[in-house]
Amino acid sequence: MKKTSLGILIIILTIFNVSCKENSEDSSIENKTNSIEKKVADLLSRMTLEEKIGQMNQYNGFWDVTGPQPLDGDAAKKYEHLRKGYVGSMLNVRGVKEVRAVQKIAVEETRLGIPLIIGFDVIHGYKTLSPIPLAEAASWDLEAIKRSAQVAAKESAAAGINWTFAPMVDISRDARWGRVMEGAGEDPYLGSEIAMARVHGFQGDDLSSPETIAACAKHWAGYGFSESGRDYNTVDVGTSTLNNIIFPPFRAAVKAGVRTFMNSFNELNGVPATGNAYLQRDILKDAWQFDGFVVSDWGSINEMIAHGYAKDKKEAAELSVIAGSDMDMESYAYVDELANLVREGKVKESLIDDAVKRILRVKFELGLFEDPYKYCDEIREKEVTGSKEIQDAVLDMAKKSIVLLKNENEILPLKTNGLNIALIGALAADKTSPLGSWRIAAEDSTAVSVLEGMQKYPDNKLTYSKGADLTIGKTEFAIELNINTEDKSGFPEAIETAKKADIVVMVLGEHGFQSGEARSRTDLGLPGVQQELLEAIYKVNKNIVLVLNNGRPLTITWADKHIPAIVEAWQLGTQSGNAIAQVLYGNYNPSGKLPMSFPRNVGQVPIYYNHKNTGRPVLPAPNEVFWSHYTDESNDPLYPFGHGLSYTTFAYTNLMVDKVSNDIFNVSVDIKNTGKVVGKEVMQLYIQDVFSSITRPVKELKGFQMVELKPNQQQTIKFNLSENDLGFFNNEGEFVLEPGEFKVYVGGSSKTVLESNFIIEKQSIK
Ligand code: BGC
């Protein structure tokens, strides 16, 4: 056979093979789905009304599950319900021994033996922790983020868990809100990419594998827009913000195949999310065709009474189930009220059936019916927990999450020998705070501290001095009250240490428990006496490297003005100190970029890069007052979204836009490493739809790519823009691409350096 015809044959065979493979993969997925649907329908047909409602009931497992049977109170009620088959899921039962104990009751003592789905807040790890999610988002590294979720799934699944209440995909523009630490920041595009990466990481390709767990997109919806950043507060947002800012990461999670959703504590435009049929039915289940289930947030069904939306628990149950909340977390509303509501004709049994089908479907997909104890293997638990594979992944994630905010006179990286270094700040030696506030399975004091990390570089002299305690006494649930605002007795020793040092490394910021749920703050400065400590040290030694540990953007305007180097190190999890030391010493060249704008002062909040222009965006003439501004502070953030430096520098040139068709454009740009060391840069592409039927943001992120370049190396990088990037949701809920001028910007932050434009000729509507 001639070479060419052999080539053609190979191509044909390859195409045929690929399409056969695809067909057979498609049909095997279809067969699996059909068989699960059949099994669900069969099981449902054999269930009593009470058993069905039981599947919709989730309890927190607070009693000693492996101890004696509880005889009275709440625990006794839960235990009795469990044995009757009136519990479909438990949360906070963890460890193979405990999970096996409750699963055994469900499987062996109930009439139908339906296994429990075991939920847990595996937010950024189980026992071995990755950085807090906001920090992970700062890496912009989707592979590393996926990997971090993958190892979190593996470690928690080995401890009996098969469902995580993560990822939180709430967009937030308000650093006062303590839960910004749990999300991916202020941008819907970055947030959507990260939502998909995390869902894929947790769930993998095969949900029935004992190394993957079901994910949960939360909190549906609007939770990150609570008024004044106060947790649980009222949310009132317009259609455009809802469709274009809040919804996209949730839609992306559905696209990635997320199996569950959690609704939220807040009301949205007057209707609590838990009782909100527009969110749960119209959008999620009807428009987006989501076929997994929705769990309420903790007690959120009952909280509709306090909201002033339901008059009692019974009405709360009725409103929630009608609105599409499938599972009740800890309100006891469904288990106590739903059967009567059905009998009274107030709730159709078909709604119960729909909810139960969704829950059973996920249980079948997890493989729980084939083997309810598949997540209960003591040997695997022992081997996997804290394994090298997991430690390596969380260390990698931690290094990639660090953002170099400022580095004057190349004070960083530090030399590895011959330096006399003073390490100052209580957080520098803290082995608990880096674990953050969501670390319910990790033991206290299991993080590597900065002190320990830096001690691994023995050729410098390192002297540690605390300076001041950040907190006083036990901190867990009363962190605000326990901040040290008075005791400066440690200052003199720290000042003396700093005087003798070549370089001072100060680790300051928030304690891990100072951000997270219910940790809203009105002051975003360094808490307690830390600002005074910083200024006192600065008086005696100006060579300061400030390492921040925090769960949210802080107002560090004084530090930015005076301190030569600032490293944003968030709460980085178990390997925190190792990651920080490796970055300080240049073993790892930082490449993180901020996923949230840092305000200059709290009065600027909410502050975000993708704002609208207003009718008076710029100073019209010198000394003019009537334009959109503050009289006492600039409009600009201290550090913009997307900002982050490297130990090298990059130059962007030659931005070109090529039209492929009406709504497809190729963008290319040259980037060169103009510094002295190898470095990675997250190149960011933004657009602006200049005029449209509803006003659009001044800039919107629509693409990013990470490139690694050697000194002097130059590369041309290509981006692609299509209808999905260029269109938006109008106020009728249609996705439209409108004709007219678009601008395109490229650079290393949202303060981009290059600009071009292009024209869309024709309108399109979806
Ligand atoms: C939080 C949820 C969490 C749930 C279970 C609630 O207070 O809002 O995000 O998953 O508790 O722990």
Requested in this report: Report, in whole Å, the centroid distance computed from the Cα atoms of the range 337-405 and the range 146-190.
Outcome: 14 Å
Query raised in the report: Per residue, what accessible area does the chain have, given a 1.4 Å probe and all protein chains present, in Å²?
Result: 39 Å²
Requested in this report: Please calculate the 1.4 Å probe accessible area of Glu532, with all protein chains present, and give it to the nearest 10 Å².
Outcome: 90 Å²
**Report entry** Computed [θ] at 222 nm, helices only, for the chain once each DSSP H run of length n ≥ 4 contributes -39500 (n - 2.57)
**Finding:** -9000 deg cm²/dmol
Query raised in the report: Pulled fully out, how much extra length does the chain show between Glu723 and Ile411, if you take 0.36 nm times their separation in residues and subtract their Cα-Cα distance?
Result: 107.8 nm
Query raised in the report: Quick one: with all protein chains in place, what share of the accessible area of the range 454-574 is carbon or sulfur, to the nearest percent (1.4 Å probe)?
Result: 51 percent
Requested in this report: Measure off, as a whole percent, the carbon and sulfur share of the 1.4 Å-probe accessible area of the range 245-323, all protein chains present.
Outcome: 52 percent
Report summary line: Candidate span helices, the chain: DSSP H, at least 27 Å along axis from Cα coords, Kyte-Doolittle average at least -0.5, result 3-45
Query raised in the report: Which value, in Å² and to the nearest 10, is the accessible area of His643 when all protein chains are kept and the probe is 1.4 Å?
Result: 30 Å²
Requested in this report: Calculate the length of the line joining the C-alpha centroid of the range 63-138 to that of the range 412-474, in whole Å.
Outcome: 35 Å
Query - Rounded Å value of the spacing that divides the Cα centres of the range 493-529 and the range 724-754 - result: 39 Å
**Report entry** Sequence of Thr631, Thr212, Thr614, Thr48 when ordered by accessible area, the most exposed leading, probe 1.4 angstrom
**Finding:** Thr631, Thr614, Thr48, Thr212
Query - Sites Leu49 and Asn269, calculated FRET efficiency, Cβ-Cβ separation with R0 35 Å, nearest 0.05 - result: 0.55
Report summary line: Scoring only Lys, Arg, Asp and Glu (+1, +1, -1, -1) among other residues with Cβ under 12 Å from the Cβ of Glu109 yields +2
**Report entry** Accessible area, probe 1.4 Å, largest first, for residues Thr555, Thr653
**Finding:** Thr653, Thr555
Query - Extension gain from Glu30 to Asp205, taking 0.36 nm per residue of separation minus the Cα-Cα distance - result: 61.5 nm
Query raised in the report: In nm, what is the difference between 0.36 nm times the number of residues separating Thr653 and Glu349 and their Cα-Cα distance?
Result: 103.1 nm
Query raised in the report: To the nearest 0.05, how large is the calculated FRET efficiency for Asp560 and Thr234 if R₀ is 30 Å and r is the Cβ-Cβ distance?
Result: 0.35
Report summary line: Heavy-atom accessible area of Lys357, protein chains in place, probe 1.4 angstrom, given in Å² to nearest 10, is 80 Å²
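The values are calculated or read from the model by the stated rules, or taken from the named source; none is laboratory data. Model, not experiment: these values are computed from the prediction. No Cβ is skipped: glycine too gets one built from the backbone with ideal geometry, and neighbour counts run over all protein chains shown. Accessible surface is based on the protein model in full, side chains and every heavy atom, while ligands, DNA and RNA are left aside. Shrake-Rupley method; radii C 1.70, N 1.55, O 1.52, S 1.80 Å.
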